[in-house]
Every structure is written in structure tokens, then in C-alpha cells.
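**Q** Handing you this structure, nothing more for now.
The values are calculated or read from the model by the stated rules, or taken from the named source; none is laboratory data. Keep in mind that this is a model prediction, so the values were computed, not measured. Don't worry about glycine lacking a Cβ; one is built from the backbone with ideal geometry, like all the others, and counts go over all protein chains shown. Accessible surface areas use protein heavy atoms only, side chains included; no ligands, DNA or RNA. Shrake-Rupley method; radii C 1.70, N 1.55, O 1.52, S 1.80 Å.
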Amino acid sequence: MKDIRPDFKDIKSFDEFNRYYWYREELSQICKSLGLEYRCTKQELNLIIEQFFKGNRVEKSVRKVNKNKTEAINLNTPLLEAGFSFNQRFRDYFSAVTGVNPFKFNADMATAWRKVKAENDLSFTIQDMLKVYYGESNYAKYDNSACQWNQFLKDFCLDECSNNYSDKLKAAATLWKEVRDSKNEKVYSRELLKKYRNKIDMYLK
């Protein structure tokens with residue numbers, strides 16, 4: 001019997017919350033109902049909820065960056081003070097520092113920046129971001145959970161058994177709903193075809 005995902009108000013810890021799959025819209029509504037910032041990415045919303053369980057509130061009022069900040073930045077400049085953004089100015093700066101041209105920001109850097117903003121971390125500097133780029137920092141790591149459904153669908157379609165279904169997308173979506181709402185790992189396996197056969201037989205050829 002699959003585990004039913006409880007209402008958010010009945011969840012007591014972030015670890016318990018993290019056992020279940022949540023869509024971005026659901027996370028946004030949770031944050032909005034708690035009076036927290038809710039107009040951001042799925043990863044940022046997850047981080048905000050994690051902070052909530054830790055007793056920290058990321059309020060709706062977003063800290064405004066002064067666009068008239070000094071143009072002079074160096075490795076010791078805090079990202080928030082520098083008015084950091086993934087734009088050409090900072091791409092050129094990191095290119096000059098690393099010698100990599102063209103320079104591309106990676107997923108860990110994007111995750112680190114989200115954490116800096118969510119926690120209003122005034123101590124995180126350009127140098128710290130450079131360490132993230134080189135993989136020398138564990139400040140924040142990209143979580144690919146947002147891609148779980150896409151990977152699930154891809155793995156289902158790669159399984160030759162999926163050829164038995166006339167509507168692969170609906171069959172996969174039905175299986176995904178069962179997995180998403182359970183405490184089990186959010187991955188596809190052929191065992192799911194047997195376990196939930198009664199729910200997907202209607203899609204057989």
C-alpha cells in the first residue's frame with residue numbers, strides 16, 4: 001500500500017517534507033500561505049521552506065539592490081553588495097579572473113546565488129563564488145530533483161516494455177503519480193509495471 005502524502009500543516013520537519021515530491025505551484029502556495037517569499041524558482045522555494053523549518057523566515061519583502069553600486073568589484077566584494085547577476089558584466093569579470101573565455105556560470109553557482117539571496121548572506125564574496133565554480137566549496141550544490149519527472153519519463157520510454165502501451169505518456173504519468181506521492185525513491189523501475197498494472201492496463205495496445 002502506498003504512503004499518502006500528508007497535508008503540509010501536518011508535516012513536522014524538513015526531512016519529512018523532503019520525502020515527498022512537490023510541484024513548484026504547490027511550494028509557491030505553501031510559502032504564500034505562510035507569508036513567505038513565493039515568487040521564485042522551485043529550488044529557491046525549497047530552500048525557503050527548509051529555512052522555515054529551521055525557524056528562519058524569508059519574508060515577502062525582497063531586499064532591493066542599489067543599482068548605483070560602485071563599478072569597482074574585487075574578490076573580497078560580497079555578492080549582495082556588488083549587485084551580482086548572471087549578466088555580461090559578471091561573465092566578463094569571471095572570464096578575466098579564470099582565463100576561461102567564453103565563461104559560463106554553472107548550476108552550483110546558480111544554486112549558491114539562490115542561497116545567498118534566500119539567507120541574505122552578506123558574507124558571501126566573489127572569491128567564495130569562484131571556489132564554488134572550481135568545485136572547492138560545499139556552500140551549495142545543485143539539486144536536480146526538479147528534473148525527476150523528466151528522467152522518470154525518459155527511463156520509462158527506454159524500457160522496451162513501454163512499447164506495449166499505446167499512450168506512453170499517460171501510462172508513465174500514472175506510474176509517476178504513484179511514485180511521486182510515496183516515500184520511495186522517485187525513479188522508474190520495471191517492477192512498477194507489475195505493482196500498478198491495474199492502473200495502466202487501459203493504455204495497453
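**Q** Where does each of 131-141, 109-119 land if you order them by average Cβ count within 10 Å, highest first?
**A** Highest to lowest by the protection proxy: 109-119, 131-141.
**Q** Normalised by the residues of the chain, what does the relative contact order come to in percent, with Cα pairs under 8 Å and at least six apart?
**A** Relative contact order here is 20 percent.
**Q** Starting from the Cα of Ala110, step 7 Å along the direction of its Cβ; do the same at Lys12; then give the gap between the two resulting points in nm.
**A** 3.7 nm
**Q** Now, a different point. Normalised by the empirical 2.2 N^0.38 Å for globular proteins, what value does the Cα Rg of the chain take?
**A** Rounded to two decimals, the normalised Rg is 1.28.
**Q** Which of Tyr134, Asn87, Ile73 sits farthest toward the positive end of the charge dipole of segment 66-144, with +1 on the Cβ of Lys and Arg and -1 on the Cβ of Asp and Glu?
**A** Value: Asn87.
**Q** Karplus couplings for segment 28-33 from phi (6.51 cos²θ - 1.76 cosθ + 1.60, θ = phi - 60°), rounded to Hz, Gly and Pro as x?
**A** With the stated coefficients, segment 28-33 comes to 4, 5, 4, 4, 4, 5 Hz.
**Q** Using amide H atoms built in the peptide plane, which far-off residues or other-chain residues are under 5 Å from Val58 H to H?
**A** When sequence neighbours closer than 5 places are left aside, the close amide H contacts are Glu37.
**Q** Please give the charge dipole size of segment 148-203, origin at the Cα centre, charges +1 on K and R Cβ atoms and -1 on D and E Cβ atoms. Round to the nearest 20 debye.
**A** Here segment 148-203 has a charge dipole of around 160 debye.
**Q** For segment 121-199, what is the accessible area per residue in Å², given a 1.4 Å probe and the full set of protein chains?
**A** It amounts to 58 Å² per residue over segment 121-199.
**Q** Can you classify segment 66-144 as rounded, prolate or oblate using the Cα gyration tensor, where a ≥ b ≥ c are the square roots of its eigenvalues, rounded means a/c under 1.5, and otherwise it's prolate if a/b beats b/c and oblate if not?
**A** It is oblate, given that a/c is not under 1.5 and a/b is not larger than b/c.
**Q** Which of Leu47, Leu158, Leu175 moves the most in a Gaussian network model of the chain with Cα springs under 10 Å?
**A** The residue that fluctuates most here is Leu158.
**Q** Here is a further query. Checking the table Lys115/Lys186; Lys9/Lys54; Lys141/Lys186 against a 22 Å threshold on Cα-Cα, which pairs fail?
**A** Checking Cα-Cα distances, Lys115/Lys186 exceed 22 Å.
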